[in-house]
1. For B:Leu93, work out the one condition from (1) closer than 14 Å to A:Asn262 by Cα; (2) crowded, with 18+ Cβ neighbours inside 10 Å; (3) facing chain A (nearest Cβ under 10 Å) it doesn't fulfil.
2. Count, please, the residues in the stretch A:109-153 that happen to be without any contact (Cβ under 8 Å) to a residue 40 or more places away in the chain and assigned to a helix (DSSP H, G or I).
3. Condition first: among the basic types (Lys, Arg), over 27 Å from the mean Cα position of the chain (by Cα) and within 21 Å of A:Gly311 (Cα to Cα). Can you find one or more residues in the stretch A:269-281 that meet it?
4. Can you tell me which residue is farthest from the chain's Cα centre (by Cα) among those in the stretch B:2-26 that are surrounded by 15 or more Cβ atoms within 10 Å (Cβ to Cβ) and outside any strand (DSSP E or B)?
5. Within the group A:Asp216, A:Asp239, which residue is crowded, with 16+ Cβ neighbours inside 10 Å and of a type in the set (Asp, Glu)?
6. Regarding the stretch A:318-334, can at least one residue be identified that is within 11 Å of chain B (Cβ to nearest Cβ), crowded, with 17+ Cβ neighbours inside 10 Å and part of a strand (DSSP E or B)?
7. Given the condition within 14 Å of chain A (Cβ to nearest Cβ) and free of Cβ contacts under 8 Å to residues at least 60 places away in the same chain, answer yes or no: does some residue in the stretch B:38-50 qualify?
8. Given the condition more than 18 Å from A:Phe280 (Cα to Cα) and away from chain B (no Cβ under 14 Å), answer yes or no: does some residue in the stretch A:339-357 qualify?
Amino acid sequence: MSDVQRALQQQDLGLLAGARVMIVDDNRVNRHLLLALLERGGISQVEMAEDGNDALARMESFRPDLILLDLMMPNLDGFEMCRRLRADPRWADLPVLVQSSLSRAEDRARAFAAGATDYVTKPINAIELLSRVRIHLQNRALLSDLRMYRRRTEAELDLARKMQERLMPSADRLVESESATGVAIDAHFAPSSELGGDFWDFRRDGRGRLVVYLVDFSGHGVAAALNTFRLHAIVQRMDFDAFDPSEFLAAVNRRLCALLPNGQFATMLAGVVDPETDRFLYASAGSTRPMVWGPGEAEPTLCDSSGLPLGLLPSVTYETRSVALPPGGRLFLYSDAAIEIPVGPAGDDVLDEAGLADLIRGDLHEPDGRRFLDSLLPRLAAAGPIDDDLTALLVTRRSDAPPQPGPTPARRVAWRSE
Amino acid sequence: MDYGIDVKEQEAVVQLKGRLTFNDHAKLRALIREMLQNKAKRQVLDLSALEFVDSAGIGMLLIAREEMANVDKQLVLRAATGQVKRVLTVAQLNKIVAIED
């Protein structure tokens, strides 16, 4: 016998020794025959019931791992007992091995319809019965392992999702920033699964200007989400004294090139609202095209966002571009999910930038930024299925804003505790 | 995504059809293996019938580029249109992979 076989046999013995089996049969001789058989197979925790009612009454206290069920019994027969068992979610997938002298195909079919897992006919063949008991116990143990694994994974993903949400700016920070800079940010963040590869944040640079950035890591799910944590850590350590968009992207890119494996990358847009020149200065690494409009403008301007994504080539440089953003002006940033929604009769086209611009056109001057997003999101969902992380940011320069924000008082790190 | 491969003396031309997304990971892996096995130095991906590519799809194309480079082959992306062309352009992928019309 090989080591593997020995190990398997050992595991098997453990499985059988720990198993709880209930025998349900109205015939005393049969019950004891089955008991002896199970004991010979190494199963010692056995409960016996005389009919369906008796068995159901013992279920809660004995909690079997498997039931050996006779069909023809007085009071409550095996068919009906099986049906009642299956109606209870606790026993819905308990292995029920029917052992019966009924051998017609119709009887088997009836038993399976009532919820039986397997069927053997009397007279019982000891080896066959034990083999089947073993298989069903193994299946049950595997299933329970899988369930536990799944529950644990779900709990961990849920925790990770909460951690990721806390990585994004809090409502308090947004309010504080708005009163300091006169720039409001309304945000929507929705990962497509538990975790996403999108991330956004804002800062104030040494001159008190608002810096905002939006990142979208390739793919979604756990790997992409881990990358958002990496990026957060990288940005936390960067110098925001006099923010320069192109230098910022180049620096983040160099750091990411050293971290990301081949095939992973990120698109990113980083920019600063400059109240002195009334412009938004930004650099883009293959991000989506920002949309900008001023007060009274009927159309958003689609800005250039071309640039090599981050994490592909360490030596790449980025270009700082600029677009007018006067008081009352708005900037709309979004992840690519918003323009990759499949549309058209066959779903073979996508809602591109023009389609997205169509969706927001009527709300460009909606005074409440939150309402702008709340109006857009259902219309995006109605356009087609969104199967990627969706982030949307509306940046509004308040027209009644304090014109010249002073420099940031002192760098503060906000620690939030659980 | 579906593909057909046509190997000639100098170059192998792979026709990609449909949508290239995360779900095509296994298929693209198989395709890369085929591209590694044939003799041609130039491995051309003809994208004229590719309708859509997402970020995971771009990631897979970049993996293909690297795997070809590792064995001294060149990957060429040819004849992208529509959304695929827009994505390649905005990501300036011509900086790291050969792109032909």
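The values are calculated or read from the model by the stated rules, or taken from the named source; none is laboratory data. On a predicted model such as this, the values are computed, not experimentally measured, just so you know. So basically every Cβ, Gly included, is an ideal-geometry build from the backbone, and we count neighbours across all protein chains shown.
1. Only one criterion is unmet by B:Leu93, namely (1).
2. Count: 21.
3. First, the residues of the stretch A:269-281 that are among the basic types (Lys, Arg): A:279.
Still in the list and also over 27 Å from the mean Cα position of the chain (by Cα): A:279.
Now restrict to residues that are within 21 Å of A:Gly311 (Cα to Cα): none.
No, the stretch A:269-281 contains no residue that is among the basic types (Lys, Arg), over 27 Å from the mean Cα position of the chain (by Cα) and within 21 Å of A:Gly311 (Cα to Cα).
4. Residue satisfying both the conditions and the ranking: B:Phe22.
5. Values: A:Asp239 fails: crowded, with 16+ Cβ neighbours inside 10 Å.
One residue alone meets the criteria, A:Asp216.
6. So in the stretch A:318-334, the residues within 11 Å of chain B (Cβ to nearest Cβ) come out as A:318-319.
Adding the requirement that they be crowded, with 17+ Cβ neighbours inside 10 Å leaves A:318.
Remaining after also requiring part of a strand (DSSP E or B): none.
No, the stretch A:318-334 contains no residue that is within 11 Å of chain B (Cβ to nearest Cβ), crowded, with 17+ Cβ neighbours inside 10 Å and part of a strand (DSSP E or B).
7. If we filter the stretch B:38-50 for residues that are within 14 Å of chain A (Cβ to nearest Cβ), which is where we start, we get B:49-50.
Retained after the next criterion (residues that are free of Cβ contacts under 8 Å to residues at least 60 places away in the same chain): B:49-50.
Among the residues of the stretch B:38-50, at least one is within 14 Å of chain A (Cβ to nearest Cβ) and free of Cβ contacts under 8 Å to residues at least 60 places away in the same chain, which makes the answer yes.
8. Within the stretch A:339-357, the first condition is being more than 18 Å from A:Phe280 (Cα to Cα), and the residues that meet it are A:339-357.
Applying the additional criterion that residues be away from chain B (no Cβ under 14 Å) yields A:357.
For the stretch A:339-357, residues more than 18 Å from A:Phe280 (Cα to Cα) and away from chain B (no Cβ under 14 Å): present.
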